[in-house]
Amino acid sequence: VKPAIEEIGPKKCTGCFGCYVSCPEKAIEMEFDEDGFFMPIVDHGSCKKCGVCQSKCPVIAERSVGNAVISVNAARTQDANLLKSSSSGGIFGELALSMLSDDGVVVGAGWGNDDLVHLMISSKGDLPSIQGSKYIQSRIGMTYQKVLSQSKEGRKVLFCGTPCQVASLNLFLRGDKKARKNVWTCDVVCHGVASTKAFNVYLDSLARKRGAKDVSRVDFRNKKNGWQDYSIKVDFSNGAKYQKSHSSDPFFVAYIDNLLLRPSCYTCPVSELPRHGDITLGDLWGARKDLYNYWGVSLVILNNERGLSLFKEAIGSDKVISNEISIDYAMKGNPRVSGSNFEIPEQRSTFFKALKTSNPEDEIIEYFQTTPRPKRFLSNVARIYKRIFWRNF
Ligand SMILES: Cc1cc2nc3c(=O)[nH]c(=O)nc-3n(C[C@H](O)[C@H](O)[C@H](O)COP(=O)(O)OP(=O)(O)OC[C@H]3O[C@@H](n4cnc5c(N)ncnc54)[C@H](O)[C@@H]3O)c2cc1C
């Protein structure tokens, strides 16, 4: 049997690390490819062609976990600090706090020493380290194995990640019903992940222009101007700061216009209904006035009874404002809830060619800035209108 990556080819690989973590021979390493996306590298000397990696690959294996859409909600936490420090309506934070109160652990994407990784936390004080959306792919490493170990020790685990990571964790845990009982999963509605290399080059360029050696903090979803007009905020080691709305920051414009996505994200195989997490979290973009809040509103899809009870437990009697909505309404503002494909923009290949040159920063910024922004004008008008007239806090 061929290794999974050779069966599907690099364009379909989601970079979920499922093959890496499940290979009994440890014959797979994950490395960045030349465009800055994680890719499995097989050591053919060690590979026994056993096929385990194919059975754990969400692109190849049967993915169904028997979910169904059982309830769709517009929700936001009543805790003002939690709401402002979260990307959307702070529901991940409430789920995490509930799990931690129950002596469980929570796993989410946070910054490691050098790059974005998945961190496991067991105390409420560490929650900020895994809050907030980051638009590059995390180096998930052996996290699925750590989730399994915790659950085998009888500890409850809440795991939050992209749809491919959640589908991959489901496959990793498949067959171990006892361990699965202690694990709850949240998948985010996912636009796709941007090239880590492009992002790092962009950060280097911002740092250089400010005479800084390094970046000390990145917040992709700063709510200084509210939820709809979120901005990217970067703090530098020399105290300098950069902050720009997502609608004018070159990196965000290029990300949203699909110039920088991982090849598999254009036709994501796992953004499908029913979703793969017990709970799916997203932004309720396009929320009508009675559901809207200046600081954010989450889309929460409950995909099975376990997800429903975890959500009920977390929201308690008054922690969260939640209103049931239809799945069609949710998908109107957010087609990525199920099966929406993106066209690959013409400039993508030119952009990635530029990324390979020895000193690409300026060329890259130029591409960032000349990316066309279709339909952006009307959405900008709507966003500014809501910012001014719907300021309901
Ligand atoms: C790459 C990416 C693309 C997204 N695209 C969309 C979209 O198109 N439409 C939409 O409605 N919502 C999208 N979201 C989800 C949205 O941004 C919020 O993450 C979600 O609504 C949860 O918000 P919250 O306020 O409940 O919690 P938050 O505190 O914001 O929690 C975010 C959770 O996501 C996890 N996370 C953050 N970054 C990553 C990452 N890179 N990889 C894996 N897990 C991560 C965190 O660990 C945390 O658990 C995306 C999220 C990500 C990470």
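Points to keep in mind about this one:
- Looking only at the range 258-315, and only at residues there that are basic (Lys, Arg) and buried (at least 24 other Cβ atoms within 10 Å of the Cβ), the one that is nearest to residue 40 (Cα to Cα): 262
- The selection criterion, being surrounded by 24 or more Cβ atoms within 10 Å (Cβ to Cβ) and aromatic (Phe, Trp, Tyr), does not hold for residue 135.
- Hits in the range 21-32 (condition: under 20 Å from the mean Cα position of the chain (by Cα) and surrounded by 15 or more Cβ atoms within 10 Å (Cβ to Cβ)): 21, 30, 32
- Taking the criterion of being surrounded by fewer than 23 Cβ atoms within 10 Å (Cβ to Cβ) and not in a helix (DSSP H, G or I), the residues of the range 140-156 that qualify are 141, 142, 153, 154, 155, 156.
- Enumeration of residues in the range 161-171 that are buried (at least 24 other Cβ atoms within 10 Å of the Cβ) and hydrophobic (A, V, I, L, M, F, W, C): 164, 166, 167, 169
- Qualifying residue in the range 223-232 (condition: of a type in the set (Ser, Thr, Tyr) and either at positive phi or assigned to a strand (DSSP E or B) (or both)): yes
- Residues of the range 316-339 classified as surrounded by 16 or more Cβ atoms within 10 Å (Cβ to Cβ), hydroxyl-bearing (Ser, Thr, Tyr) and more than 21 Å from the chain's Cα centre (by Cα), total: 2
- Residue within the range 188-207 that is surrounded by 20 or more Cβ atoms within 10 Å (Cβ to Cβ), of a type in the set (D, E, K, R) and touching an Asp or Glu at 6+ places or on another chain (Cβ under 7 Å) present: yes
- Scanning the range 138-156 for residues that are of a type in the set (Ser, Thr, Tyr) and free of Cβ contacts under 8 Å to residues at least 12 places away in the same chain yields one hit, 149.
- Any hit, the range 108-116, residues being small (Gly, Ala, Ser), in a loop (DSSP other than H, G, I, E, B) and within 12 Å of the ligand (Cβ to nearest atom): no
- When the test is whether a residue is of a type in the set (Phe, Trp, Tyr) and modelled with pLDDT under 90, residue 342 does not pass it.
- Residue 100 of a type outside the set (Ser, Thr, Tyr), away from the ligand (no atom under 11 Å from the Cβ) and either closer than 20 Å to residue 182 by Cα or buried (at least 24 other Cβ atoms within 10 Å of the Cβ) (or both): yes
- Residues of the range 125-135 satisfying the condition of being more than 6 Å from the ligand (Cβ to nearest atom) and hydrophobic (A, V, I, L, M, F, W, C): 127
- Note on the range 74-96: residues that are closer than 16 Å to residue 302 by Cβ and surrounded by fewer than 24 Cβ atoms within 10 Å (Cβ to Cβ) total 1.
- Within the range 36-53, the set of residues being surrounded by fewer than 20 Cβ atoms within 10 Å (Cβ to Cβ) and within 24 Å of the chain's Cα centre (by Cα) comprises 39, 41.
- Residue 113 falls short of the stated requirement of being more than 24 Å from residue 18 (Cα to Cα) and not basic (Lys, Arg).
- Lone qualifier among 255, 230 - being crowded, with 21+ Cβ neighbours inside 10 Å and either more than 30 Å from residue 21 (Cβ to Cβ) or among the aliphatic types (A, V, I, L, M) (or both): 230
- For the range 136-179, a tally of residues being more than 23 Å from residue 94 (Cβ to Cβ), among the small types (Gly, Ala, Ser), away from the ligand (no atom under 16 Å from the Cβ) and modelled with pLDDT of 95 or more returns 2.
- Just one residue in the set 236, 220, 252 is within 13 Å of the ligand (Cβ to nearest atom), at pLDDT 95 or above, among the hydrophobic types (A, V, I, L, M, F, W, C) and under 20 Å from residue 111 (Cα atoms); that residue is 220.
- Residue satisfying all of: in the range 321-363; small (Gly, Ala, Ser) and away from the ligand (no atom under 14 Å from the Cβ); nearest to residue 202 (Cα to Cα) among these: 354
- Contact annotation: residue pairs with Cβ atoms under 6 Å, 6 or more positions apart or on different chains, pairing a residue in the range 327-353 that is closer than 14 Å to residue 74 by Cα with a partner that is more than 12 Å from the ligand (Cβ to nearest atom) and of a type in the set (A, V, I, L, M, F, W, C), are 327/69; 327/72; 330/72.
- Any hit, the range 260-272, residues being within 12 Å of the ligand (Cβ to nearest atom) and under 17 Å from residue 361 (Cβ atoms): yes
The values are calculated or read from the model by the stated rules, or taken from the named source; none is laboratory data. Predicted, not measured: the structure shown is a model, and the values here were computed from it. Glycine also receives a Cβ, built like all others from the backbone with ideal geometry; neighbour counts cover every protein chain displayed.
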